[in-house]
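Please treat every number below as a calculation from the coordinates, not as lab data. Everything numeric here is computed off the predicted structure, so don't read it as measured data. Note that we place each Cβ from the backbone using ideal geometry, even for glycine, and neighbour counts take in every protein chain shown.
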Amino acid sequence: MARRYFAVAAFAGLIVAIQLGTLFTGTGYYLTQLTMTAYYSLVIVGLCMLIGYAGQISLGHAGFFAIGGYVAAFLTTCNLKLHPGVFVSLLSKSGALVARHDAYGGSLLTVHPWLACVAAILLTIVIAYLVGGPVLKLKGHYLAMATLGIGIIIYRIVLGTEFLGAADGISDVPGFPLPAGLIITGDASSRISNYYLAWGLVILGMALLLNLIHSRVGRALAAVHGAEDAAGAMGIPTARYKLNVFVLSAVFAALAGVFLTHYNGGIGPSEAGVMKSVRYVAIVAIGGMANLWGALSMSLVLNYLSLRGYFGTYDDTVFGVILLLIMLFAPDGLLRRHLLSDLKRAVSPNPAEEEAP
Amino acid sequence: MTLLSVRGVSKRFGGLQAVNDLSFDVATGSIKALIGPNGAGKTTLFNLISGFLRPDCGEIVFGGAEVQAMPSFQIASRGMVRTFQHIRLFPKMTVLENIMVGRHVHSNAGFLAGMLNLPFTWREERRIREKSFEIMELLGIVAHAGTEAISLAYGQQRVVEVGRALACEPKLLLLDEPAAGLNMRETNEMGGLISRIRDMGVTVLLVEHDMSLVMKISDEVVVLSYGQKIAEDRPLAIQKNREVIRVYLGDDE
């Protein structure tokens, strides 16, 4: 257990070191992409739990990210002054609404970001339970196809819905106020605090997931992954466990969607796109599948490079190629758990020596 | 006292009547063996009893409750645990971890407790670990605790699988060909182990092809042929049963 928290602390140290590095080199603007990377990393560690540890693939997680982001964006930008009614005045009296001004000085009455966030998460949980129930009965590539279908449906819905901004998405999303005067926003003045908020959230998420994989539930999920029928024969309710971890990873994605939308000040339909889902799966795969740290470090590097535009117009291609190469040559992932011992065996002149006591 | 009662159970796969109107009882504290030629329906019957398949008709009563409509995990949590003909250990997990999974039904930590690493889960984990070591000591596999389970020799994998089932503290242990693939010495050891498990108070129902093992350890034997019960008796009587001899060896003429 101590080792687990030591690794988390070491990672926190790395995050601080990166920030100090940008401070001393005068490259504070990198922090913007690094903050966005943090939110995408939240999706990826949640997905890593689902794919790597529970053995269930999802090619639709960009959809859950979009549900979170769009619900938050819609509720915090929809001007309720234009829709007066009993319900709105009731919400207003209970303090669930905030009055503010838009960029042109017009007065707005919108849902409080906290309430919007809760609504986004609740909706994600409901949808994930509803679709996860039937879909998780499928295995292997059938499950991949079905979750891909879910992702496409969500993408087409946000793309074709007028009040969600159709192809333009939703913009002018306000910041997300937190206690102690902190606010999740893309303003350059709060760049450093947002960097730490975002990575703090990732570190918290990592601690929770690391605890989970070392718990009774984590063993049960690994058992479901390894031999589902035998897990059932040991009294593990396999369907419920698969569904729970699916919903958990969907909540991670939705939470990332909510916060990144507030940070970016908007969200567009491309966030729900299939290539986003493929990208998430590719990063989990190259990270070593059942390796949260591998997925996180790959996410940090690849998302950052992508967001800084290093892959240019080949952005999606890069992630498609990564997924293809991993599946062909290293289906267990690149940074897998026994990488070191495997390498040692590969370079050792006589493999039999390794086996000798 | 009867622990398990199979009453008029049938199962058909397309045109094949795999199990046909089968009934028998397993007495608490006994070792009962199911034998029969290949294709007699033994494994199908095991899958029916342990909830992996639903019978077309008939009842399966375990510990006083009908279980034929329950999913396998519920039956397991009621105290009926099985092993598999083809070993189904959890890959990428050590022997210790495999056996710890067996403690699932006797522990409680859920998703939230696990994520938050709540103090009650520490105590629970410690108890799971202690009990798992107890079982490994009983089976003489403590030395392999940290080894990846599926990298062990075949005979030892079978022992681990039995240990994983024992970790559930079952009332009834279903063993699907526990001696398959074992050499003579290992088969003898497995026989001794099964007898010891019975002496611990666990009722055992096994499917087995090794006749010397069956005759040595069983209290009663049920013989299946083409999905039907053709004999049920003590081992010595089964060996003299003309119908059983005919099914196994063929007619004189």
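Points worth noting:
- When the residues of the range B:114-147 are filtered to those that are acidic (Asp, Glu) and within 23 Å of the chain's Cα centre (by Cα), the one that is nearest to A:TYR241 (Cα to Cα) is B:GLU134.
- Single residue of B:ALA167, B:ALA149 found to be buried (at least 20 other Cβ atoms within 10 Å of the Cβ), small (Gly, Ala, Ser), in contact with a Gly (Cβ under 7 Å, 6 or more places away or on another chain) and within 11 Å of another protein chain (Cβ to nearest Cβ): B:ALA167
- Taking the listed residues A:LEU130, A:LEU148, A:LEU123, the one that is in a helix (DSSP H, G or I), under 18 Å from the mean Cα position of the chain (by Cα) and more than 19 Å from A:SER277 (Cα to Cα) is A:LEU123, with no other qualifying.
- In the set (1) in a strand (DSSP E or B); (2) touching a Cys at 6+ places or on another chain (Cβ under 7 Å); (3) not hydroxyl-bearing (Ser, Thr, Tyr), the condition left unmet by B:VAL6 is number (2).
- Residues of the range A:303-331 that are among the small types (Gly, Ala, Ser) and not in a helix (DSSP H, G or I): A:GLY309, A:ALA330.
- Residue match in the range B:53-70 (condition: within 9 Å of chain A (Cβ to nearest Cβ), surrounded by 16 or more Cβ atoms within 10 Å (Cβ to Cβ), under 17 Å from the mean Cα position of the chain (by Cα) and in a loop (DSSP other than H, G, I, E, B)): no
A quick yes/no check of all residues on (1) of a type in the set (Asp, Glu); (2) at the interface with chain B (Cβ under 8 Å from one of its Cβ atoms); (3) at positive phi:
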residue: A:LEU210; (1), (2), (3): no, no, no
residue: A:LEU221; (1), (2), (3): no, no, no
residue: A:GLY226; (1), (2), (3): no, yes, no
residue: A:ASP229; (1), (2), (3): yes, yes, no
residue: A:TYR241; (1), (2), (3): no, no, no
residue: A:LEU248; (1), (2), (3): no, yes, no
residue: A:PHE259; (1), (2), (3): no, no, no
residue: A:ALA272; (1), (2), (3): no, no, no
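- Filter result (buried (at least 22 other Cβ atoms within 10 Å of the Cβ), under 27 Å from B:LEU4 (Cα atoms) and facing chain A (nearest Cβ under 7 Å)) within the range B:90-132: B:MET100, B:VAL101, B:GLY102, B:HIS104
- Residue, farthest from A:ASN194 (Cα to Cα), within the range A:150-165, restricted to residues that are loosely packed, with under 15 Cβ neighbours inside 10 Å and in contact (Cβ under 8 Å) with a residue 40 or more places away in the chain: A:ILE153
- Some residue of the range B:196-205 being more than 10 Å from every other protein chain (Cβ to nearest Cβ), over 16 Å from the mean Cα position of the chain (by Cα) and buried (at least 22 other Cβ atoms within 10 Å of the Cβ): no
- In summary, A:PHE329 fulfils each of the numbered conditions (1) out of contact with any helix residue (DSSP H, G or I) (no Cβ under 7 Å at 6 or more places or on another chain); (2) farther than 30 Å from B:HIS86 by Cβ with the single exception of condition (2).
- Residues that are surrounded by fewer than 24 Cβ atoms within 10 Å (Cβ to Cβ) and in contact with a Pro (Cβ under 7 Å, 6 or more places away or on another chain), drawn from the range A:244-295: none
- Residue list for the range A:74-101, restricted to those being more than 24 Å from A:VAL158 (Cα to Cα) and either assigned to a loop (DSSP other than H, G, I, E, B) or of a type in the set (Asp, Glu) (or both): A:PRO84, A:GLY85, A:SER94, A:GLY95, A:ALA96
- Within the range B:153-203, the residues that satisfy the criterion of being assigned to a loop (DSSP other than H, G, I, E, B) and either within 22 Å of B:GLU130 (Cα to Cα) or in contact with a Cys (Cβ under 6 Å, 6 or more places away or on another chain) (or both) are B:CYS168, B:GLU169, B:PRO170, B:LYS171, B:MET200, B:GLY201, B:VAL202.
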